[in-house]
Structures are given as C-alpha cells and as structure tokens.
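A.B. asks: Let me begin by handing over the structure; questions about it come next.
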Amino acid sequence: MRRLAQTVAIIGLLILSMPSKASDPQQQLSESLELHKGKVIYLDFWASWCVPCRYSFPWMNEMLERHQAKGFTVITVNLDTEKRLADEFLKQYPANFDIIYDQKGVLAEKYQLQGMPNAYVIDRQGQIVARHVGFRSKKVKEYEQSILTLLSK
C-alpha cells in the first residue's frame, strides 16, 4: 500500500513538471481568440511599468461593461518578465477581462509591437481593422467609436 502511495506521488510530480500547453502564450491567445470568434475583440498588450496602461485599464473595464452584451470583449497580454510585477499592477488597476502572460515576449515579437500599450481592434470575422500605440485620454471617444462601428455591423 505504501509503495502504491509513493508511485502515485511520483506520477503526480511528473505530471506537474510537464510543460503545459496552457503556459504557452501563443496557444492561449489562439484559444482565447477562437473562444470569442464572432465578437469584436480589443486585444491589448501591456506591462506594469507602462504609465498609459494605468488609464487604459479602467477604460477597457468600462467598455467591456457597456458593450459586452452586444458582442464585445477584451483580451490583454502582459509582457512583464516577472508575473509578480503584473500582479502588483493588477492590485491597483483591476481587470475584468482575460489576461495572457507572455514573459518571454513571444507574442510581442509576433505582433511587432512599437510601444505600450499597443492595441488591436479585431472585427467579428477575426480581421485586425485598427491599431493604436499608446493610450490617450483625449482619444477615448475615437477608440469607442471604432468599436461601436464594428458592433453595429
């Protein structure tokens, strides 16, 4: 009986130490985009050190609350090299949306980011139709209008 318990414990440790597809940010993003297929998606890349992100997070929460019922969602990708930095940021600026952690910057490279935050607006057919680098409070009406235009289609 003791031997069986040891074997089970060893198998459990082996399973826990195996690389998980869920920890692959590319796989996570693909799955999240697939899950939200047919919706208008605001895909945002951010990091804890990004000052404009402090303003974009409340706005993204507000947009999600206002437009989720119409088929809108927000997916974000955090690019901090240490998850604890992102966690500290999220204590001050909570997120009501999906967060994918890309500590190695694989997605940042794939999307050729040019600044932070870097956001893409994706239409219901899965096509990127808008992109903006940075977050400017004086442009929030413009950002929202691009979302509303897509939601009305």
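Each reported figure results from applying straightforward, stated rules to the coordinates on display, with no laboratory input. Quantities reported herein were computed from a predicted structural model and do not represent experimental measurements. Using ideal geometry, Cβ is built from the backbone for each residue, glycine included, and neighbour counts are taken over all protein chains shown.
A.B. asks: List the GluC sites (Glu not before Pro) within region 40-107 that DSSP assigns to loop and that have no more than 12 neighbouring Cβ atoms inside 10 Å. All intermediate terms of the calculation are to be shown ahead of the outcome.
C.D. replies: Values: sites: Glu62, Glu65, Glu82, Glu88; in loops: Glu82.
Filter output for region 40-107: Glu82.
A.B. asks: Now for a separate question. Using a Förster distance of 25 angstrom, determine the FRET efficiency expected from the C-beta separation of Glu82 and Trp59, and round it to 0.05.
C.D. replies: On the way: r = 25 Å, r/R0 = 1.02.
With a Förster radius of 25 Å, E is 0.50.
A.B. asks: Additional query: Which whole-Hz ³J(HN,Hα) couplings does region 124-135 yield from phi under the Karplus relation 6.51 cos²θ - 1.76 cosθ + 1.60, θ = phi - 60°, glycine and proline marked x?
C.D. replies: 3J(HN,Hα) across region 124-135, in whole Hz: 5, 8, x, 9, 6, 10, 8, 8, 9, 9, x, 9.
A.B. asks: Calculate, for Gln27 and Tyr120, the FRET efficiency according to 1/(1 + (r/R0)^6) with r their C-beta to C-beta distance and R0 25 Å; round to the nearest 0.05.
C.D. replies: Working: r = 19 Å, r/R0 = 0.74.
About 0.85, to the nearest 0.05.
A.B. asks: Report the Rg/Rh value for region 86-141, based on alpha-carbon coordinates and the Kirkwood definition of Rh.
C.D. replies: Values: Rg = 13.2 Å, Rh = 13.4 Å.
Using Cα coordinates only, the ratio equals 0.98.
A.B. asks: Give me, ordered by chain and number, the residues 5 or more places off Gly134 or on other chains with an amide H under 5 Å from its own placed amide H.
C.D. replies: Here the answer is Met116, Asn118, Ala119, since their amide H atoms fall under 5 Å of that of Gly134.
A.B. asks: Give me the one-decimal nm value for the distance between modelled label points at Leu35 and Tyr111, 7 Å along each residue's Cα-to-Cβ direction.
C.D. replies: Distance between the two pseudo-spin positions: 1.6 nm.
A.B. asks: What does the convex hull of the Cα atoms of the chain come to per residue, in Å³, rounded to a whole number? Kindly include the intermediate steps, with their values, before the conclusion.
C.D. replies: Numbers: hull volume 21.3 nm³, N = 153.
Hull volume normalised by residue count: 139 Å³.
A.B. asks: Can I ask one more? Explain nothing, just the number: dipole magnitude of region 22-151 about its Cα centre with +1 on each Lys and Arg Cβ and -1 on each Asp and Glu Cβ, in debye rounded to the nearest 20. Write out the running numbers ahead of the final one.
C.D. replies: On the way: 16 positive and 16 negative charges, 92 e Å.
Using Cβ point charges on Lys, Arg, Asp and Glu, region 22-151 gives about 440 debye.
A.B. asks: Another question about this same structure. In whole percent, what relative contact order does the chain give with Cα contacts below 8 Å and a gap of six or more residues? It would help to have the intermediate numbers written out before the result.
C.D. replies: On the way: 201 pairs, mean separation 42.5, N = 153.
It comes to 28 percent, rounded to a whole number.
A.B. asks: Another question, if that's okay. Could you name the aspartates and glutamates whose alpha carbon sits less than 12 Å from that of Lys37, not counting residues in the same chain fewer than 8 places away?
C.D. replies: Asp123
A.B. asks: Take every DSSP beta bridge with both residues inside the chain and express the antiparallel ones as a percent of the total, to the nearest 5.
C.D. replies: Values: 10 of 21 bridges.
Taking every DSSP beta bridge within the chain, about 50 percent pair in antiparallel fashion.
A.B. asks: List the lysines whose Cα sits under 25 Å from the Cα of Lys91, skipping any in the same chain fewer than 8 residues away.
C.D. replies: Here the lysines satisfying the reach criterion relative to Lys91 are Lys83, Lys104.
A.B. asks: Give the cross-link partners of Lys141 among the aspartates and glutamates, using a straight C-alpha distance below 14 Å as the criterion and excluding same-chain residues fewer than 8 apart.
C.D. replies: The reachable aspartates and glutamates, counting only those whose Cα sits under 14 Å from Lys141, are Glu62.
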